Every structure is written in C-alpha cells, then in structure tokens.
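Here the structure comes first, spelled out in structure tokens, and everything after it is commentary.
The values are calculated or read from the model by the stated rules, or taken from the named source; none is laboratory data. The structure presented is a predicted model; accordingly, all values stated were derived computationally and were not measured. Every residue, glycine as well, gets a Cβ built from its backbone with ideal geometry; the counts of neighbours run over all protein chains shown.
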C-alpha cells in the first residue's frame, strides 16, 4: 500500500519568511510519481508540480522549489519570500505502477502567511 | 480554470436522502476520477471511469455509485445519506486510461447532510 505523510498540520509565518513543507512517502513501486497540489480558501485543487521516481533533480519555479530525496523518501516543498497569497492548504500526493492512476494524498499542511 | 465543471456547487440535504453530483471532464479527456474530501478521512480516491467503463475502485461505500455516459460526463450517486457523508466531492479528469500526469480537478461540490 502507498502512504503519504505530511507531519506539519499547520504552519504560520510572517510575510517574506521562507517556509518548507515536508512530505514523506511510502511505496513498494519502483516507478512512482509525486505531486504537490495547492488548495486555496476558495476550495479548488491547483496542480503545482509532478516528479517521477527516476528524476531526483531539484526544481525551482519562481519562489517555489522542490527537493526530492529517494534516500529519505521525501519530497519537500519550499516557498521563498512567502506572500499572503500563498496562504492555503498544500497537499502532497503519490501514484505508481501498482496503483493505476489513483492519487494517494497526504493529510495536507495549512499554511498561513501573515502580513 | 481547469476546464472541469461540477454541478451543483453546494448541496444541502437530509439524512436518508439521495443526491446526484455531476461532472463534465475537460474536452478530450476520457478518464474521470471522483475524490472525497472530509474532515475525518482527508482526501481519498473513490472511483475512476475510462471511456464509459469502471477502471478502478477505491474506498467507495456500497451506498455510492457512479457512471460515465457516452458524452463522457459522469455522475456520482449517493444514497441513504448519513451525516458522515458531508464532504467536498471532487471530480478530476485526464486524457489517458492510466495517467501518471497531472489530473485536472473541478471546483468541487460541497455536500452538507443535516
């Protein structure tokens, strides 16, 4: 079975601080895919990034960066110079060769960025 | 805007009732997925349809059923509703039968059972 753990239930920071959201996963698949989704207060799920198990290269997109480490089964997400608009619930998710297309989500981390 | 539409946006009903949630996937997408987001269970996969056929089943209750029609829209039917069924129900779509790419999520239907 697959499992995603986001141990941080809530994080509160002040604007312009950097913040890292942790994600630890469990899978027996050799080929698997990790995702981050953002759920703003309006409720929709917004795709942020997808990473496959063979690509451990870190990725940066503007103020967002992701650190994928297979050795620790982690896929952490860092927001640099956080802004109020970053306030949302962030979900890490996993799918793989034995789970078809179903996404297994973590519990989510509620990020609040205060002005 | 993901291109996935869901209706209604909000639904309030009573225990024991039956409701139908509707989803229209993105143009060209053949797969439709249903997810439930509740306080107790978090975000969990319910069921997937591909081109009209059931493809995969998750933690979907027997009181729940779904189908996908020839025009590819999908409906999720919830019957004998209980208080615990109150949740946000998402529909997502993707082009493929088995997709490891992004799933495009609709805005969700918030169901409240009183």
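Residues in the stretch B:99-114 that are more than 8 Å from chain A (Cβ to nearest Cβ) and not in a strand (DSSP E or B): how many?
Restricting attention to the stretch B:99-114, the residues satisfying the condition of being more than 8 Å from chain A (Cβ to nearest Cβ) are B:109, B:111-114.
From what is left, the residues that are not in a strand (DSSP E or B) are B:114.
Selection size over the stretch B:99-114: 1.
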>> Quick check on this structure: which one of A:26, A:97 is under 30 Å from residue B:54 (Cβ atoms), surrounded by fewer than 17 Cβ atoms within 10 Å (Cβ to Cβ) and at pLDDT below 95?
In response: A:97
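Within the stretch B:38-90, count every residue that is outside any loop (DSSP other than H, G, I, E, B) and closer than 24 Å to residue B:27 by Cα.
Narrowing the stretch B:38-90 to residues outside any loop (DSSP other than H, G, I, E, B): B:38, B:42-50, B:53-57, B:64-68, B:74-78, B:83-85, B:87-90.
Subset that is closer than 24 Å to residue B:27 by Cα: B:45-50, B:53-57, B:65-68, B:74-77, B:88-90.
The total comes to 22.
Going through the stretch B:43-58 one residue at a time, which ones are within 12 Å of chain A (Cβ to nearest Cβ) and either over 16 Å from residue A:102 (Cβ atoms) or touching a strand residue (DSSP E or B) at 6+ places or on another chain (Cβ under 6 Å) (or both)? Give the steps one after another, and end with the answer.
Filtering the stretch B:43-58 down to residues within 12 Å of chain A (Cβ to nearest Cβ) leaves B:43-50, B:54-58.
Result: B:43, B:44, B:45, B:46, B:47, B:48, B:49, B:50, B:55, B:56, B:57, B:58.
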>> Against the conditions (1) under 22 Å from residue B:93 (Cα atoms); (2) more than 12 Å from chain B (Cβ to nearest Cβ), where does residue A:18 fall short? Just the number, please.
In response: (1)
> Which numbered condition trips up residue A:70, out of (1) out of contact with any strand residue (DSSP E or B) (no Cβ under 9 Å at 6 or more places or on another chain); (2) in contact (Cβ under 8 Å) with a residue 24 or more places away in the chain?
Replying inline: (2)
>> Among the residues of the stretch A:83-115, what is the count of those that are at the interface with chain B (Cβ under 7 Å from one of its Cβ atoms) and over 24 Å from residue A:19 (Cβ atoms)?
In response: 4
> Any idea which of (1) touching a residue at least 60 places away in the same chain (Cβ under 8 Å); (2) over 22 Å from residue A:47 (Cα atoms) is the one residue B:95 doesn't satisfy?
Replying inline: (2)
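Considering only the stretch A:30-43, how many residues are closer than 20 Å to residue B:43 by Cβ and surrounded by fewer than 17 Cβ atoms within 10 Å (Cβ to Cβ)?
Of the residues in the stretch A:30-43, the ones closer than 20 Å to residue B:43 by Cβ are A:32-43.
Next cut, surrounded by fewer than 17 Cβ atoms within 10 Å (Cβ to Cβ) only: A:40-43.
Adding up the residues that qualify gives 4.
Every residue in the stretch A:47-57 that is more than 8 Å from chain B (Cβ to nearest Cβ) and either within 13 Å of the chain's Cα centre (by Cα) or touching a residue at least 24 places away in the same chain (Cβ under 8 Å) (or both), please.
Step one: of the stretch A:47-57, the residues more than 8 Å from chain B (Cβ to nearest Cβ) are A:48-49, A:51, A:53-57.
Residues satisfying the conditions are A:48, A:49, A:51, A:53.
Take the stretch B:92-114 and flag every residue that is buried (at least 19 other Cβ atoms within 10 Å of the Cβ) and over 16 Å from residue B:39 (Cα atoms). Outline the logic, then answer.
Step one: of the stretch B:92-114, the residues buried (at least 19 other Cβ atoms within 10 Å of the Cβ) are B:92-94, B:99-100, B:103-109, B:111, B:113.
Within the stretch B:92-114, B:92, B:93, B:94, B:99, B:100, B:103, B:104, B:105, B:106, B:107 meet the criteria.
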>> Looking only at the stretch B:75-98, count every residue that is within 14 Å of chain A (Cβ to nearest Cβ) and within 14 Å of the chain's Cα centre (by Cα) and tell me the total.
In response: 8
